[in-house]
Ligand SMILES: NC(=O)c1ccc[n+]([C@@H]2O[C@H](COP(=O)([O-])OP(=O)(O)OC[C@H]3O[C@@H](n4cnc5c(N)ncnc54)[C@H](OP(=O)(O)O)[C@@H]3O)[C@@H](O)[C@H]2O)c1
């Protein structure tokens, strides 16, 4: 895919992986619009990157998504790439029932319903573009269990499956469906998570790798350690399960306040 001269919407683009993708795509001569909920974070991303367009949107809220899409299509009618990156992860100690159901629901609404509603509202427009793409950011965890974040893990597996199905459905259209499955990346989301012997990837390296692979039309993009972790899980699931299980107790013990 040509990675220049596109008009790109990145959800959750105000920090972390989304902002790194936005900055890299700006450098490749694209028009980039980011959305997120927090206006201050959007403003600071825009201050750092004056060419960036920003819009507030809560992807878990259908009306907020509808409003954003209506305005975007007026202001940026050439929009041809949607990057579904916004996501949240709640640690959840299932044994001690630590996380209120409301937070689990919000995680599902953001990580699953957010992606589906953006695709639903933008696909009629994307299909009319000469070259278009949907890029879903899931996780290496889509393939394996992680007891410290069971709802998050399930949402990523769901969007992995959704990506496979919509890719098949859209194969005779102009819309290419990519999936990015990051390993652990140094962002606010992974703060406090450390896997012995595994360094977190830097967001800008993940962004560069993703764009390189999109350019080559690699549909499933597994940056850094993700590729190895997924292969190892297929060959030796007990080994990866042990690594993940070893990381969980410390994380769960560190939940400083129960959200119940
Ligand atoms: N970091 C990792 O190790 C890692 C690994 C694998 C996959 N991922 C995935 O990569 C994506 C980005 O993660 P990250 O690490 O960059 O996270 P992050 O640093 O926490 O950033 C998350 C971004 O999403 C936005 N966001 C959250 N909920 C939203 C909502 N309901 N509506 C709109 N925007 C929302 C946040 O802004 P507001 O809070 O202002 O809305 C922020 O811009 C996520 O899908 C995550 O699951 C991350």
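The values are calculated or read from the model by the stated rules, or taken from the named source; none is laboratory data. On a predicted model such as this, the values are computed, not experimentally measured, just so you know. Cβ sites come from the backbone with ideal geometry, for glycine too, and all protein chains shown count toward neighbours.
If you take the residues in segment 76-106 that are buried (at least 22 other Cβ atoms within 10 Å of the Cβ) and within 14 Å of the ligand (Cβ to nearest atom), which one is farthest from residue 15 (Cα to Cα)?
Residue satisfying both the conditions and the ranking: 82.
Do we have residue 26 as away from the ligand (no atom under 15 Å from the Cβ), outside any loop (DSSP other than H, G, I, E, B) and in contact (Cβ under 8 Å) with a residue 24 or more places away in the chain here?
yes
When you scan segment 61-81, do you find a residue that is closer than 24 Å to residue 192 by Cβ and outside any helix (DSSP H, G or I), even just one?
Keep residues of segment 61-81 that are closer than 24 Å to residue 192 by Cβ, which gives none.
No, segment 61-81 contains no residue that is closer than 24 Å to residue 192 by Cβ and outside any helix (DSSP H, G or I).
For residues that are over 20 Å from residue 94 (Cα atoms), within 11 Å of the ligand (Cβ to nearest atom) and assigned to a helix (DSSP H, G or I), tally how many sit in segment 120-150.
Summing the residues that are over 20 Å from residue 94 (Cα atoms), within 11 Å of the ligand (Cβ to nearest atom) and assigned to a helix (DSSP H, G or I) in segment 120-150 gives 1.
Just for segment 29-47: of the residues that are more than 9 Å from the ligand (Cβ to nearest atom) and more than 23 Å from residue 209 (Cβ to Cβ), which one is surrounded by the fewest Cβ atoms within 10 Å (Cβ to Cβ)?
For segment 29-47, the residue satisfying everything is 47.
Tell me, yes or no, whether segment 168-183 has at least one residue that is in a helix (DSSP H, G or I), at pLDDT 95 or above and within 17 Å of the chain's Cα centre (by Cα).
The first filter runs over segment 168-183 and keeps only residues in a helix (DSSP H, G or I), leaving 168-169.
Now drop any that are not at pLDDT 95 or above, which leaves 168-169.
Applying the additional criterion that residues be within 17 Å of the chain's Cα centre (by Cα) yields none.
No: zero hits.
Restricting attention to segment 154-173, which residues are more than 14 Å from residue 135 (Cα to Cα) and touching a helix residue (DSSP H, G or I) at 6+ places or on another chain (Cβ under 6 Å)?
Hits for segment 154-173 are 155, 157, 158.
Here is a list: 153, 187, 176. Which entry is without any contact (Cβ under 8 Å) to a residue 24 or more places away in the chain and surrounded by 18 or more Cβ atoms within 10 Å (Cβ to Cβ)?
153
Mind checking which residues of segment 203-221 are more than 11 Å from the ligand (Cβ to nearest atom) and more than 16 Å from residue 134 (Cβ to Cβ)?
204, 205, 208, 209, 212, 215, 216
Restricting attention to segment 48-67, report how many residues are over 28 Å from residue 105 (Cα atoms), touching a residue at least 24 places away in the same chain (Cβ under 8 Å) and surrounded by 15 or more Cβ atoms within 10 Å (Cβ to Cβ).
Of the residues in segment 48-67, 2 are over 28 Å from residue 105 (Cα atoms), touching a residue at least 24 places away in the same chain (Cβ under 8 Å) and surrounded by 15 or more Cβ atoms within 10 Å (Cβ to Cβ).
Does any residue of segment 185-197 turn out to be more than 11 Å from the ligand (Cβ to nearest atom), at pLDDT 95 or above and out of contact with any helix residue (DSSP H, G or I) (no Cβ under 8 Å at 6 or more places or on another chain)?
No - not one qualifying residue is present in segment 185-197.
Every residue in segment 48-60 that is part of a loop (DSSP other than H, G, I, E, B) and away from the ligand (no atom under 11 Å from the Cβ), please.
Within segment 48-60, 49, 50, 51, 52 qualify.
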